[in-house]
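Colleague: The structure follows.
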Amino acid sequence: MAQLRAFESAERTGATIPEIVCFEKQSDWGGQWNYTWRTGLDEYGEPVHSSMYRNLWSNGPKEGLEFADYTFDEHFGHPISSYPPRSVLWDYIAGRLERTDVRKHIRFETVVRMVVFDEERREFSVTSEHLPTGETRTEVFDHVVVASGHFSFPFTPDVPGIETFPGYITHAHDFRGAEALEGSDVLVIGSSYSAEDIGSQAHKMGAKSVTASYRSAPMGYDWPDGFEERPRIEGIEGDRVFFADGTSKRVDAIIFCTGYLHKYPFLPDDLALSGPNTVYPDGLYRGVVWQRNPALFYVGAQDQWFTFNMFDVQAWYVRDLVLGVAQMPDEDSRAESIAHWRQRFSEIDGVSEEIVFQGEYVRDLMLQTDYPEFDVEEVVKVFIAWKTDKQQDIMGYRDQSYRSVMTGTLAVKHHTPWMDELDDSLEHYLSGYRLAELVPSGGSGG
């Protein structure tokens, strides 16, 4: 979506843009934010793309991800809270493009089967299939942008004895809601965002207990009663899980929150990014240009503190390279830049430094384009404050409010504390704000 917006922005200013084809496997746009109840395989036998679950609320302040060219104020017409649910964020990102005609470039329910680069002709052959009809065709392109993300192919490690477990087992990718976990003893395996949030959701929805198993270090939050952390799992016997500290616990459900793989089944090895999920993957010049073939680009391939606005600046830069507005450096210059940023990345010490690092990356890329400039340093401060809020109150941090870096608008508190809010629909979320607008200035609202 960011790449389509980038080209549309250039076209609005008079630029001539090339023919664009966007292949979208799902029936609507939104990527991860396009929720589906399906898990495993979809109605066409294809792996389900989205890892979104029903009662997900943003786990980071919206002020950190706000588009510079389309603010929350512009979309909703009034302030909203800093931590909206998935339905609200989907409405926001979709709303930006609904005012344009970029949908004409998208082939929905169309999956890319193979991308092949012809060295002699210097062009890509892209084979795709329209899923409803099975129609397959191969077309030629000068450039390819991979913007499919890297949170769709789950990494699920083996655990000795797990085949004897009689309860519910899933990966975060296939988790769709915590309501069914009420009264259950739940084990989440992992110590990052999925474990933190799914564990919190399970606690919120009435799980009897939540245990988070960590491999190297605990998350270390001040968890509420009934929520604990234990070290790595040594093995499982029936419904009992044994941990590295010698303790054991009976559980009803196991949820793997163990991350995702860089996996691009439509790309041959010489075009496919691989390796660990980091804020600066090796092999990508400025985080977007595939060093081994600079006609291939990746958008959103790194680990992320910044999200929507980082995807934007990446897409703007890719657009300018394609249009010839920005110059593509030679191979040696690109390699030197990659080595420089990778060296800086290797020197990061701690979470705050990683946030600062990614902010500097975003700012560096933003300055190469005409993307609306915003105060990246202020966004970094928002993220660091968010981390502090979580340490102080892991179950209540979503009730905090931040000020928009783009507009200066202070977010309002949601009408219901997050722990008590069980309705994540767009209509319910906005209902309190619409009611508040009817109260005259200075009125009590009583």
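Values in this text are rule-based calculations from the coordinates and carry no lab data. In this text the structure is predicted, and so the values were computed from the model without any measurement. Neighbour counts run over all protein chains shown; Cβ positions are idealised from the backbone, glycine included.
Colleague: Can you give the calculated 222 nm mean residue ellipticity of the chain, where each DSSP H run of n ≥ 4 adds -39,500 (n - 2.57) and the sum is split over every residue, rounded to the nearest 500 deg cm²/dmol?
Modeller: Working: 9 runs with 118 residues, N = 446.
The helix contribution divided over the chain gives -8500 deg cm²/dmol.
Colleague: Give, as a single signed number, the net charge of other residues whose beta carbon lies under 9 Å from the beta carbon of His75, with Lys and Arg counted +1 and Asp and Glu -1.
Modeller: Numbers: positive: Arg96; negative: Asp73, Glu74, Asp91.
Summing Lys and Arg as +1 and Asp and Glu as -1 gives -2.
Colleague: Moving on to the next point. What whole-number value in cubic angstrom gives the convex hull volume per residue for the C-alpha atoms of the chain?
Modeller: 161
Colleague: Using per-residue counts of other Cβ atoms within 10 Å, averaged over each peptide, order 35-42, 239-246 from highest down.
Modeller: Details: 35-42: 13.5, 239-246: 15.0.
Descending mean neighbour count gives 239-246, 35-42.
Colleague: Determine ³J(HN,Hα), in whole Hz, for all residues of the stretch 45-51 in sequence, where each value follows from phi through the Karplus function 6.51 cos²θ - 1.76 cosθ + 1.60 and θ = phi - 60°; x replaces Gly and Pro.
Modeller: Going residue by residue, I get x, 9, x, 5, 7, 7, 9 Hz, with x marking Gly and Pro.
Colleague: If amide hydrogens are placed 1.01 Å from N in the peptide plane, which non-local residues have theirs closer than 5 Å to the one on Cys22?
Modeller: Ile106, Arg107
Colleague: For Glu229, which sequence-distant residues (separation of 5 or more, or a different chain) have an amide H within less than 5 Å of its own amide H, given hydrogens modelled in the peptide plane?
Modeller: Excluding prolines and chain starts, which carry no amide H, the hits are Ala212.
Colleague: Given charges of +1 on the Cβ of Lys and Arg and -1 on the Cβ of Asp and Glu, with all other atoms neutral, how large is the dipole of the stretch 162-256 about its Cα centre, in debye to the nearest 20?
Modeller: Values: 9 positive and 16 negative charges, 20 e Å.
Result for the stretch 162-256 is approximately 100 debye, rounded to the nearest 20.
Colleague: Based only on other Cβ atoms within 10 Å, what is the fewest-to-most ordering of Ile20, Ile355?
Modeller: Placing the least packed residue first, the sequence is Ile20, Ile355.
Colleague: With both bridge residues required to lie in the chain, what share of the DSSP beta bridges run antiparallel, to the nearest 5%?
Modeller: In the chain, DSSP labels about 55 percent of beta bridges as antiparallel.
Colleague: Given N residues in the stretch 162-256, what is Rg(Cα) / (2.2 N^0.38 Å)? List each step's numbers first, then the result.
Modeller: Values: Rg = 11.9 Å, N = 95, 2.2 N^0.38 = 12.4 Å.
Output field value: 0.96.
Colleague: Please state the relative contact order of the stretch 162-256 as a whole percent: Cα pairs under 8 Å, 6+ residues apart?
Modeller: On the way: 199 pairs, mean separation 34.9, N = 95.
With pairs under 8 Å counted, the relative contact order is 37 percent.
Colleague: To continue, here is another question. Once you place label points 7 Å from the Cα toward the Cβ at Ser431 and Arg12, how far apart are they in nm?
Modeller: 3.4
Colleague: Sticking with this one: Choose one of His428, Pro132, Tyr280: the residue whose Cα lies farthest towards the positive end of the charge dipole of the chain (beta-carbon charges +1 Lys, Arg; -1 Asp, Glu; about the Cα centre).
Modeller: After comparing all options, I get His428.
Colleague: Give the distance, in whole Å, between the Cα centre of the stretch 1-53 and the Cα centre of the stretch 333-385.
Modeller: Taking the Cα centre of the stretch 333-385 as reference, the centre of the stretch 1-53 is 26 Å away.
Colleague: List the relative contact order of the stretch 281-406 as a percent without decimals, with contacts defined as Cα pairs under 8 Å and 6+ residues apart.
Modeller: It comes to 22 percent, rounded to a whole number.
Colleague: For Ile169, enumerate residues with amide H under 5 Å from its amide H, sequence gap 5+ or separate chain, H modeled in the peptide plane.
Modeller: Ile254
Colleague: Turning to a different aspect of this structure: Using the per-residue mean of other Cβ atoms lying within 10 Å as a proxy for protection, in what order, highest first, do the peptides 151-157, 65-71 fall?
Modeller: Sorting 151-157, 65-71 by mean packing, highest first, produces 65-71, 151-157.
Colleague: Moving on to the next point. Would you mind computing the Rg to Rh ratio of the stretch 92-171 from its alpha-carbon coordinates, Kirkwood style for Rh?
Modeller: That ratio is 1.15, to two decimals.
Colleague: What percent does the relative contact order of the chain come to when contacts are Cα pairs within less than 8 Å and at least six residues apart?
Modeller: Over the chain, the number comes to 19 percent.
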